[in-house]
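**Student:** Please find one structure pasted underneath; my questions will follow.
The values are calculated or read from the model by the stated rules, or taken from the named source; none is laboratory data. Owing to the predicted nature of the structure, the values given are computational and were not obtained by experimental measurement. For neighbour counting, all protein chains shown are included, and Cβ atoms are generated from backbone atoms with ideal geometry for every residue, glycine included. The accessibility values were calculated without ligands, DNA or RNA, using every heavy atom of the protein model including side chains. Shrake-Rupley method; radii C 1.70, N 1.55, O 1.52, S 1.80 Å.
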Amino acid sequence: MKKIGLILLGFSVHIYFAQANRFIYQVTMKPDSENPGDVRSENTYLDVNAQKSIFYSEKSMKRDSILSRARETGNFNFDRSQMQSLRSNIDFIIEKDYKSGVKTFKSRIARDQYAYEEDRTIDWKVLPETLKIGDYKTQKAETEFAGRTWYAWFTTDVPIQDGPYKFAGLPGLIVKVEDAKGDYSFDLKEAKKIAEIQNPDSRGSVIKVKRKDYEKQNEAFRRDPVSFFTAQMSSGRSGPGREMRGGGGGMRTPNPNMRKQMEERVKEEIRKSSNPIELK
């Protein structure tokens with residue numbers, strides 16, 4: 001019977017990976033610790049094939065698509081209000097390599113993109129509790145990760161040991177995962193076949209660092225974003241203070257009022273994101 005079960009599992013895995021799969025999760029979050037009534041929600045994608053998965057924001061994908069077309073055509077006269085509406089709280093990409101087991105986190109600090117390999121393991125405790133979520137029979141699991149207690153519900157009906165964000169390693173797909181405080185929740189809303197997994201636009205070179213170094217850089221940016229932008233400008237890297245290329249190929253300096261508005265917007269975004277998904 002065990003051998004037959006393994007054969008059936010192998011057959012079902014083959015069916016799942018005959019094409020790429022997209023699992024759409026709704027993320028509900030309370031990013032502002034001083035305003036717990038500010039509850040935000042948006043969709044994220046977990047794209048999966050036989051080799052890897054990529055987790056990213058639906059809004060970010062749409063925003064990158066608009067910017068990519070603008071760069072290709074040279075026409076940047078797109079709807080600015082639309083771009084503002086596509087700003088995402090999920091401002092990162094997570095790639096999981098199934099063969100090596102490496103999880104790579106990518107995110108921007110100001111206008112520079114950084115990447116690090118996750119160096120912490122997620123050790124699950126599978127619990128006896130079960131629950132029917134939608135069409136899935138699920139079982140509960142618990143873990144401590146990055147300063148939070150997390151509860152996950154996974155299903156062996158889908159033979160993919162993966163899930164949203166950095167979560168993976170359970171004997172099936174994670175259908176739901178939430179932290180004990182109710183600050184963050186990932187809920188599977190839809191699953192469908194896709195032609196191939198997406199590779200979200202990185203827009204430029206990626207600075208590879210250790211996780212601790214990324215956290216130090218991010219903390220420095222949050223503490224004083226204006227100085228961080230100034231340092232980028234001095235080093236020739238991008239940011240609100242960067243000289244921008246004009247239509248004739250020359251360089252122009254952004255309007256000081258525009259720069260000030262961008263800096264104030266960044267400060268406000270930082271102030272309203274005082275409850276990150278990872279607390280330590």
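**Student:** If the chain between Glu219 and Ala180 were fully stretched, how many nm would it gain, using 0.36 nm times the residue separation less the Cα-Cα distance?
**Tutor:** Numbers: separation 39, 0.36 × 39 = 14.04 nm, distance 2.51 nm.
Fully extending the segment from Glu219 to Ala180 adds 11.5 nm.
**Student:** Still on this structure: Working with all protein chains in place, sort Arg120, Arg222, Arg271, Arg211 by solvent-accessible area computed with a 1.4 Å probe, largest first. Walk me through the numbers on the way to the answer.
**Tutor:** Details: Arg120 50, Arg222 80, Arg271 125, Arg211 20 Å².
Largest to smallest exposure gives the sequence Arg271, Arg222, Arg120, Arg211.
**Student:** Computed FRET efficiency, Cβ-Cβ of Glu129 and Tyr98, R0 25 Å: what is it to the nearest 0.05?
**Tutor:** 0.35
**Student:** If you don't mind, another one. Expressed in nm to one decimal, what extension gain is obtained for the pair Val209 and Arg111 from 0.36 nm per residue of sequence separation less their Cα-Cα distance? Don't skip to the answer; put the middle values down first.
**Tutor:** Details: separation 98, 0.36 × 98 = 35.28 nm, distance 1.58 nm.
Roughly 33.7 nm would be gained on extension.
**Student:** Can I ask one more? Provide Phe221, Phe55 ordered by accessible surface of protein heavy atoms (probe 1.4 Å), highest first.
**Tutor:** Listed by decreasing accessible area, they come as Phe221, Phe55.
**Student:** Could I ask something else about it? What does the accessible area of Asp119 come to, in Å² to the nearest 10, when a probe of 1.4 Å is used?
**Tutor:** 100 Å²
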